[in-house]
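The values are calculated or read from the model by the stated rules, or taken from the named source; none is laboratory data. The structure presented is a predicted model; accordingly, all values stated were derived computationally and were not measured. Positions of Cβ are backbone-derived with ideal geometry, glycine not excepted, and every protein chain shown enters the neighbour counts.
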Amino acid sequence: MIRDTSAQDRMLKPSQQRGRRLALGGLALASSALLASLLAYYAGPTIISQFSGGASVGLARLSLASVELGPLTRDIAAEGRVVAANSPTLYAGNPGTVSLKVQAGDQVKRGQVLLTIASPELTARLGQERANADALQSEWLRAQADARQQRAQTQSQLETASISFKTAQNDLARQSQAFQAGATAAAQVDQARDTLAKAQVALKQSQELLGLKDDAVKFELQAKRQAYERQALVVRDVERQLDELNLRSPVDGQVGQLFITDRASVARDAKLLSVVDLSALEVQIQVAESLARELQPNMAGEISGAGGTKDQKWQGLLSSVSPEVVNGEVAARLRFAGPQPAQLRQNQRLSVRMLLDHKDKVLTLSRGSFVEEGGGHFAYVLQADVAEKRAIKLGLQSLAKVEVLEGLKAGEQVVISGADNFKDAQRVSISR
């Protein structure tokens, strides 16, 4: 026989069994109460936050930043490139064949011939216009000679009429004296008086004819002269066009880019080459459209670039802002406030910083998507494991920070990015 524990078992009375069950039940209740207390103490905040918030978002999906008290600088930082303030481009005034005198990068002086264009058509036209001008000049000179000849003839007729008038006067005087002496008849006196009247009319007509001839000759000579001068202007214009085929540098500088090759045939108004005036350089930057409206002429800026073993900085002034928006950006140019730095080249990269505003001891917060998504009217503030939506008011905004006017305090943690996961809930639990 195998020994067991049957010898140790003994029957209990009913009263003893009921007492034992009551003791075991009380012990179970006490254990449950203790377990509930421990659970409420350690997991209570989490359970409450889970039941109070509409969603639960992981902390790793969020970007947080602290509200700080300090300075706020509102500026524009951009990469710029050196451009010439004066960089003229030369075009062909007439079609022809190009003969280059310089190459890209050559130093040139103002007035120096850069290239020539051979235009046989324009040369032939100049010869024709000059021939026409010579013909008109000959006509003008011949008209002057004819005018002198006609005036001489008219003047001769006037002098003849004047002599006839004088002769008639003398004859009338002699006939009158003879009639008074009784040596001639009255008819002779009347005939002499009629002859004088005819001579007077002829003299008057000769005088008027001389005046009319002078006026007619004057107008004719003026027309001939004007025709010749008009043709002379055409000749000078063609000469100017022919002289412009020798393209000269408009500034002291450097040949920039060649748009044609030597001995190439070009059309009228074709782009030939550009000249860079290295004595007047500016820095061009691209500014976001939202900030471009705040730029004003002569606004101060700082230009920096690598020079040797350390960075160099120069003061600049905003010279111009383009009125055109391209791809959401506006082009602006700065000129150097002091002497122009040496050894700058076209399209060289420089950094530009323009100060728009500055404040000391203000509440600041790192810029994030909450500025654009919520329009800067609300933000989620982290308290323990709950993000609470709170109305705020922002002031100045820079590229990195924003000014907080209302709704936040220094030291508070704010969700600056990832709040789109909250679905606009008022309270959201955050899981770590």
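Is it the case that some residue within the range 306-317 is basic (Lys, Arg) and closer than 13 Å to residue 353 by Cα?
Yes, the range 306-317 contains a residue that is basic (Lys, Arg) and closer than 13 Å to residue 353 by Cα.
Can you pull out every residue in the range 282-303 that is farther than 15 Å from residue 83 by Cα and either touching a Lys or Arg at 6+ places or on another chain (Cβ under 8 Å) or among the small types (Gly, Ala, Ser) (or both)?
288, 290, 292, 300, 301, 302
In this structure, is residue 325 aliphatic (A, V, I, L, M), without any contact (Cβ under 8 Å) to a residue 40 or more places away in the chain and touching a helix residue (DSSP H, G or I) at 6+ places or on another chain (Cβ under 7 Å)?
Against the criterion (aliphatic (A, V, I, L, M), without any contact (Cβ under 8 Å) to a residue 40 or more places away in the chain and touching a helix residue (DSSP H, G or I) at 6+ places or on another chain (Cβ under 7 Å)), residue 325 qualifies.
Just to confirm my filter: which strands (runs of 3 or more DSSP E) fall fully inside the range 231-316 and include at least 2 residues that are over 21 Å from the mean Cα position of the chain (by Cα) and surrounded by 15 or more Cβ atoms within 10 Å (Cβ to Cβ)?
Those strands (runs of 3 or more DSSP E) span 246-248, 253-258, 271-276, 300-307.
Suppose we filter 181, 216, 202 for residues that are among the small types (Gly, Ala, Ser) and in contact (Cβ under 8 Å) with a residue 24 or more places away in the chain; which single one remains?
202
Residues are listed down the side, and each one gets a yes or a no for (1) modelled with pLDDT of 90 or more; (2) surrounded by 14 or more Cβ atoms within 10 Å (Cβ to Cβ); (3) touching a Lys or Arg at 6+ places or on another chain (Cβ under 8 Å); (4) within 23 Å of residue 74 (Cβ to Cβ):
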| site | (1), (2), (3), (4) |
| --- | --- |
| 343 | no, no, no, no |
| 348 | no, yes, yes, no |
| 361 | no, no, no, yes |
| 396 | no, yes, yes, yes |
| 410 | yes, no, no, yes |
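Does residue 169 meet the test of being modelled with pLDDT under 85 and not small (Gly, Ala, Ser)?
So residue 169 fails the test.
State yes or no: is residue 402 at pLDDT below 90 and either within 30 Å of residue 305 (Cα to Cα) or touching a Cys at 6+ places or on another chain (Cβ under 9 Å) (or both)?
In short, yes.
Of the residues 164, 87, 176, only one is surrounded by 12 or more Cβ atoms within 10 Å (Cβ to Cβ), touching a Ser or Thr at 6+ places or on another chain (Cβ under 7 Å), at pLDDT below 90 and hydroxyl-bearing (Ser, Thr, Tyr); which?
87
Taking the criterion of being modelled with pLDDT of 80 or more, touching a Ser or Thr at 6+ places or on another chain (Cβ under 8 Å) and under 15 Å from residue 352 (Cα atoms), would at least one residue in the range 277-288 satisfy it?
yes
From the list 352, 415, exactly one residue is within 30 Å of residue 281 (Cα to Cα) and of a type in the set (Val, Ile, Thr). Which is it?
352
If I go through the range 365-375 residue by residue, how many of them are among the charged types (D, E, K, R) and part of a loop (DSSP other than H, G, I, E, B)?
Adding up the residues that qualify gives 1.
Can you tell me how many residues within the range 376-409 are in contact with an Asp or Glu (Cβ under 8 Å, 6 or more places away or on another chain) and either hydroxyl-bearing (Ser, Thr, Tyr) or outside any strand (DSSP E or B) (or both)?
Number of matching residues: 4.
Please note which strands (runs of 3 or more DSSP E) are completely contained in the range 88-145 and include at least 2 residues that are under 40 Å from the mean Cα position of the chain (by Cα) and hydrophobic (A, V, I, L, M, F, W, C).
Hits in the range 88-145: 96-100, 113-118.
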